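Computed from the coordinates by the stated procedures, all read-outs in this text should not be read as laboratory data. Every value quoted in this text rests on a predicted model; they were computed, and no experiment measured them. Cβ atoms come from the backbone with ideal geometry, glycine included; neighbour counts cover every protein chain shown.
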Amino acid sequence: MTYGVAMRLERGLVFAADTRTNAGVDNIASYRKLNFWRQPGERVLVLLSAGNLAVTQVVVSLLNEQLTDKSTESTHLYNAPNMYRAARVVGDAVREARRVDGPALEASKSGFYASFIFGGQIGSERPRLFQVYSEGNFIEATDDTPFLQIGEHKYGKPILDRVARADMRLGEAAKLMLLSFDSTLRSNLSVGLPLDLLIYERDSLDVQREKRISADDEYFKKLSQAWSDALRQAFSKIEEFKV
């Protein structure tokens, strides 16, 4: 499993995902769950994935295969005219993976499960963010709900619900998302470091700020300790319950 989260802000987009996958307590590994495509000056597209690793890798492979297939004139990530059409391309790739692998997965009772967060900017259109489901359909983030989550999201959701705003600065949003991960890492063993973080500045039409955060990252360690201290102090200041 994994945890992925992204935010659509007035200033751009922020994406983050962990890298842990497991097939039991004795079979744990790291795989990148954040992929991106770019044509500098024209478009930047980012995809987070969660669920069955084999399924999500098939979807990414299908998307990449379309970009090198010269025999077709179908829509792909590099010629989609807008983000909605690009999201349809991702949804169609999910449906194709289900068509090929779904029956075998259902027969084995493991099921076809994968979810994605897809976002970016094409040309002068405002950056957009979508959550794509196993069925290939999707929803879009709004100013009222500027963040989307996939995977093991329940432990990291409360702080996002309380703090996330569409007018946040990009660095402020990245801090919030890392705190969301800190809560998840403490409570769920299926989510683990390192984390992949990508910050996209609106209208830059290029990827300029990307980082992998490992267990020895000084900022993340400082953030985690500061948050723990702040929570303890806030708790101690609240009046005790009295019957």
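Scanning region 40-56 for residues that are surrounded by fewer than 15 Cβ atoms within 10 Å (Cβ to Cβ) and out of contact with any Asp or Glu (no Cβ under 9 Å at 6 or more places or on another chain) turns up just one, 42. Of everything listed in (1) surrounded by fewer than 17 Cβ atoms within 10 Å (Cβ to Cβ); (2) over 18 Å from residue 128 (Cα atoms); (3) in contact (Cβ under 8 Å) with a residue 12 or more places away in the chain; (4) out of contact with any helix residue (DSSP H, G or I) (no Cβ under 6 Å at 6 or more places or on another chain), the single unmet condition for residue 163 is (4).
Apart from one condition, residue 227 fits all of (1) more than 20 Å from the chain's Cα centre (by Cα); (2) surrounded by fewer than 14 Cβ atoms within 10 Å (Cβ to Cβ); the exception is (2). Quick one: is residue 134 crowded, with 19+ Cβ neighbours inside 10 Å, small (Gly, Ala, Ser) and more than 13 Å from the chain's Cα centre (by Cα)? When the stated conditions are applied, residue 134 passes them. Here the condition is being of a type in the set (A, V, I, L, M, F, W, C), within 16 Å of the chain's Cα centre (by Cα) and under 28 Å from residue 145 (Cβ atoms); of 48, 77, 63, it holds for 48 alone.
Apart from one condition, residue 196 fits all of (1) farther than 21 Å from residue 56 by Cβ; (2) among the acidic types (Asp, Glu); (3) surrounded by 12 or more Cβ atoms within 10 Å (Cβ to Cβ); the exception is (1).
Pairs are defined by a Cβ separation below 9 Å, a sequence spacing of at least 6 or placement on different chains, a first member in region 119-147 that is farther than 21 Å from residue 168 by Cα, and a second member that is part of a loop (DSSP other than H, G, I, E, B) and aromatic (Phe, Trp, Tyr); the pairs so defined are 134/112; 134/113; 139/133.
Residues that are more than 18 Å from residue 205 (Cα to Cα) and among the hydroxyl-bearing types (Ser, Thr, Tyr) were ranked within region 73-118; the one that is surrounded by the most Cβ atoms within 10 Å (Cβ to Cβ) is 115. Exactly one residue out of 228, 180 is assigned to a helix (DSSP H, G or I) and either touching a residue at least 60 places away in the same chain (Cβ under 8 Å) or of a type in the set (Phe, Trp, Tyr) (or both): that is 180.
Residues checked against (1) in a helix (DSSP H, G or I); (2) of a type in the set (Val, Ile, Thr); (3) in contact (Cβ under 8 Å) with a residue 24 or more places away in the chain:
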site	(1), (2), (3)
49	no, no, yes
67	yes, no, yes
73	no, no, no
93	yes, no, yes
98	yes, no, yes
102	yes, no, no
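The requirement of being surrounded by 17 or more Cβ atoms within 10 Å (Cβ to Cβ), touching a residue at least 24 places away in the same chain (Cβ under 8 Å) and farther than 13 Å from residue 50 by Cα is not satisfied by residue 151.
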